[in-house]
Amino acid sequence: MGVQSVSRMICPHCDVGVRFAPEHMGPVHDEGSQGKQIGYQVVEGFCPECGEFVVLLRRGKYWQHDLNDAGSRELTEPNDEVIFPFPRNHRPLPPEVPDPYRTDYAEACAVLALSPKASAAISRRLLQHLLHDELKIVHKTLDKEIAEFVSRPGVPSHLTEAVDAIRTLGNLAAHPTKNTSTGEVLEVEPGEASWLVDVLESLFDFHFVQPKRLAAHRTALDTKLASAGRPPTK
């Protein structure tokens, strides 16, 4: 018996499966479970893949070498929970998505569980910046800007429906402040903040990721055609 110092986990920084070996392990504290010997400890270390700092809360049954020495406790078959960094609710963005969109998106995800209102405010502001700066859709209200986006040709129906649902879910028509001051922290409907983040991911994929990847594939194909003495794709 004894503590399992090395555990398999998905790094919360780089999303890679790793064998995590803590560099520091705190004492095992008894949870006061009335003789069941259930305890917890905090362990710290660095991801072997990306080198970022990780803190785990480790819980499980323990056994004690010396009944008079709490410092001799060791957890057996523990369960680990990441407590730093705060667990993300969404995957890291592809490298094709540029700043400042990456930074704002990360902030919206980071506070989603702690404050849906703050997350929704960041996401609405980010959505409006995307519509203004990338798609050149500018109106007095977010509601009207969304209306123009969903009416544009060439946008997949699943994406227009997802973006249009922002108006319904957030009830923008009934909330003028959400419509005109998108960055303000206001009350949100159940699921609104999470939906906004999901839609932003889809918009990033449509506007940034897929065009760049298709262009890269086309360039690679044209290079192969040229080496074979054939004309490039049109």
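Flag: Lys178 does not match the condition of being under 25 Å from Pro94 (Cα atoms), basic (Lys, Arg) and in contact (Cβ under 8 Å) with a residue 24 or more places away in the chain. Residue check: Glu161 meets all listed conditions (1) of a type in the set (Asp, Glu); (2) at pLDDT 95 or above; (3) under 23 Å from Pro94 (Cβ atoms) but one, namely (2).
One residue is enough: does the stretch 71-88 have a residue meeting the conditions in a helix (DSSP H, G or I) and either among the polar types (S, T, N, Q) or over 30 Å from Gly26 (Cα atoms) (or both)? Within the stretch 71-88, one or more residues are in a helix (DSSP H, G or I) and either among the polar types (S, T, N, Q) or over 30 Å from Gly26 (Cα atoms) (or both). Scanning the stretch 35-70 for residues that are assigned to a loop (DSSP other than H, G, I, E, B), within 30 Å of Pro92 (Cα to Cα), free of Cβ contacts under 8 Å to residues at least 40 places away in the same chain and among the acidic types (Asp, Glu) gives a single hit, Glu49.
A quick yes/no check of all residues on (1) without any contact (Cβ under 8 Å) to a residue 12 or more places away in the chain; (2) surrounded by fewer than 12 Cβ atoms within 10 Å (Cβ to Cβ); (3) assigned by TED's automatic domain parsing to the domain that holds Arg125; (4) of a type in the set (Ser, Thr, Tyr):
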{"position": "Pro153", "(1), (2), (3), (4)": "yes, yes, yes, no"}
{"position": "Pro190", "(1), (2), (3), (4)": "yes, yes, yes, no"}
{"position": "Leu196", "(1), (2), (3), (4)": "no, no, yes, no"}
{"position": "Glu201", "(1), (2), (3), (4)": "no, no, yes, no"}
{"position": "Phe206", "(1), (2), (3), (4)": "no, no, yes, no"}
{"position": "Arg213", "(1), (2), (3), (4)": "no, no, yes, no"}
{"position": "Arg230", "(1), (2), (3), (4)": "yes, yes, no, no"}
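Evaluate the following for Glu96: is it in contact with a helix residue (DSSP H, G or I) (Cβ under 8 Å, 6 or more places away or on another chain) and in a loop (DSSP other than H, G, I, E, B)?
For Glu96, the condition - in contact with a helix residue (DSSP H, G or I) (Cβ under 8 Å, 6 or more places away or on another chain) and in a loop (DSSP other than H, G, I, E, B) - is met.
Within the stretch 170-185, being surrounded by fewer than 17 Cβ atoms within 10 Å (Cβ to Cβ) and either polar (S, T, N, Q) or in a helix (DSSP H, G or I) (or both) holds for Asn171, Ala173, Ala174, Pro176, Thr177, Thr180, Ser181.
The values are calculated or read from the model by the stated rules, or taken from the named source; none is laboratory data. Computed from a predicted structure; not experimentally measured. For neighbour counting, all protein chains shown are included, and Cβ atoms are generated from backbone atoms with ideal geometry for every residue, glycine included.
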